[in-house]
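What follows is calculated from the coordinates using simple rules that are stated; it is not laboratory data. All values derive from a computational prediction rather than experimental measurement. Because the Cβ atoms are built from the backbone with ideal geometry, glycine has one as well, and the counts that use them run over all protein chains shown.
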Amino acid sequence: MTARERAGLFAGEDGAWRCRWCAATPTYQAYHDSEWGFPVTDDRRLFEKLCLEGFQAGLSWLTILNKREAFRRGFANFEAERMARFGPADVERLLADAGIVRHRGKIESAINNAKRVIELRAEFGSLAAYAWGFEPAPASRPKRITHAVLQTFTTSAESVAMSKDLKKRGWSFVGPTTVYAFMQAMGLVNDHVEGCQARELALAARAKLVPPGPKPSKGAKSGG
């Protein structure tokens with residue numbers, strides 16, 4: 001094993017070095033290259049990711065990614081206003097949909113969370129304004145993101161705080177690990193390992209971003 005491989009990288013057929021977790025399929029690599037870790041401020045995409053992270057619990061992200069288009073069809077493209085109107089008939093429809101993860105608790109959770117995100121928007125203006133208020137300060141992050149470093153944590157102080165606050169607001173399936181995975185994917189943290197070809201691209205995208213809206217109050221961030 002080379003030094004780069006030990007660092008958590010692998011070389012793709014195009015010669016580019018990527019985070020080793022995306023080696024399984026070209027679909028996974030495309031997601032890694034163009035989505036994971038790149039900053040997102042679109043409310044629909046943010047809400048979709050929170051929902052899908054909830055569905056992932058106990059499964060691999062690749063499983064969810066392969067079903068993402070079916071999820072979008074079933075859940076009204078994760079438009080919160082439309083999902084919030086789902087009723088018992090929609091739950092039964094989704095439980096019969098073999099294209100998604102058919103778990104009643106997770107389906108009902110996504111519908112509940114659609115109602116909660118509408119409430120949250122009324123307070124913060126957007127889900128983006130709320131979520132980006134929990135972005136970690138640069139000084140709190142490891143100086144170098146390596147494979148070894150990533151093995152030592154699956155949560156952060158910020159993901160714990162956001163999880164507590166969401167639960168206080170009535171959200172479900174938003175534990176600290178789920179929220180940290182959301183932060184990784186949506187670019188609130190950049191956990192592409194050093195040497196990954198996407199890392200600098202994601203950093204450049206974040207440097208250009210002006211975080212949206214007001215930040216949660218200190219009381220909200222502490223879960224108090």
- Query: Angle between the Cα long axis of helix 43-56 and the longest principal axis of the chain, 0 to 90 degrees, nearest 10?
  - Reply: 80
- Query: What pairs from K115/K208; K67/K208; K115/K164; K106/K143 go past 28 Å between their alpha carbons?
  - Reply: K115/K208; K67/K208; K106/K143
- In debye to the nearest 20, how big a dipole does the chain give about its Cα centre with +1 on each Lys and Arg Cβ and -1 on each Asp and Glu Cβ? 520
- Note on the structure: The ³J(HN,Hα) series, computed from each phi in the range 135-144 with the Karplus coefficients 6.51, -1.76 and 1.60 at θ = phi - 60°, rounded to the nearest Hz and given as x for glycine or proline, is 4, x, 5, x, 5, 7, 8, x, 5, 10
- Take the alpha carbon gyration tensor of the range 5-77, find the square roots of its eigenvalues, order them as a ≥ b ≥ c, and report rounded if a/c is under 1.5; if not, report prolate when a/b exceeds b/c, else oblate. prolate
- Query: By counting other Cβ atoms within 10 Å of each Cβ, how are E158, E200 ranked from fewest to most?
  - Reply: E200, E158
- Query: Mind checking the angle between helix 176-186 and the chain's longest principal axis? C-alpha axes, 0 to 90 degrees, to the nearest 10.
  - Reply: 70
- So what are the three principal axis dimensions of the chain from its Cα atoms, in whole Å, longest to shortest? 54, 43, 29
- By how many degrees, 0 to 90 and rounded to 10, does the Cα axis of helix 197-208 deviate from the longest principal axis of the chain? 60
- Message: With the crude spin-label approximation of a point 7 Å out along Cα→Cβ, what separation in nm comes out for E92 versus T63?
- Response: 2.7
- Message: Residue by residue through the range 164-173, what is 3J(HN,Hα) from phi via Karplus (6.51 cos²θ - 1.76 cosθ + 1.60, θ = phi - 60°)? Round to whole Hz and write x for glycine and proline.
- Response: 4, 5, 4, 4, 4, 8, x, 6, 9, 6
- Task: Pop the C-beta distance of Q151 and R85 into the FRET formula with R0 = 41 Å and round what comes out to the nearest 0.05.
- Result: 0.45
- What 222 nm value per residue comes from the helices of the chain, counting each DSSP H run with n ≥ 4 as -39,500 (n - 2.57) and dividing by all residues, nearest 500 deg cm²/dmol? -15500 deg cm²/dmol
- Please build a GNM for the chain, connecting alpha carbons under 10 Å apart, and tell me which residue among G12, G213, G74 fluctuates the most. G12
- Assigning unit charges at the beta carbon (Lys, Arg +1; Asp, Glu -1) and nothing else, what dipole magnitude in debye, to the nearest 20, does the range 1-84 show about its Cα centre? 200
- Note on the structure: Expected max-MSF residue from V149, V179, V193 in the GNM of the chain (alpha carbon, under 10 Å) is V149
- Message: Below 8 Å, C-alpha to C-alpha, sequence gap of six or more: please give me the relative contact order for the chain in percent.
- Response: 30
- Karplus-derived HN-Hα couplings along the range 85-98 (A = 6.51, B = -1.76, C = 1.60, θ = phi - 60°), whole Hz, x at Gly and Pro: 8, 4, x, x, 5, 5, 4, 5, 4, 6, 5, 8, 8, 5
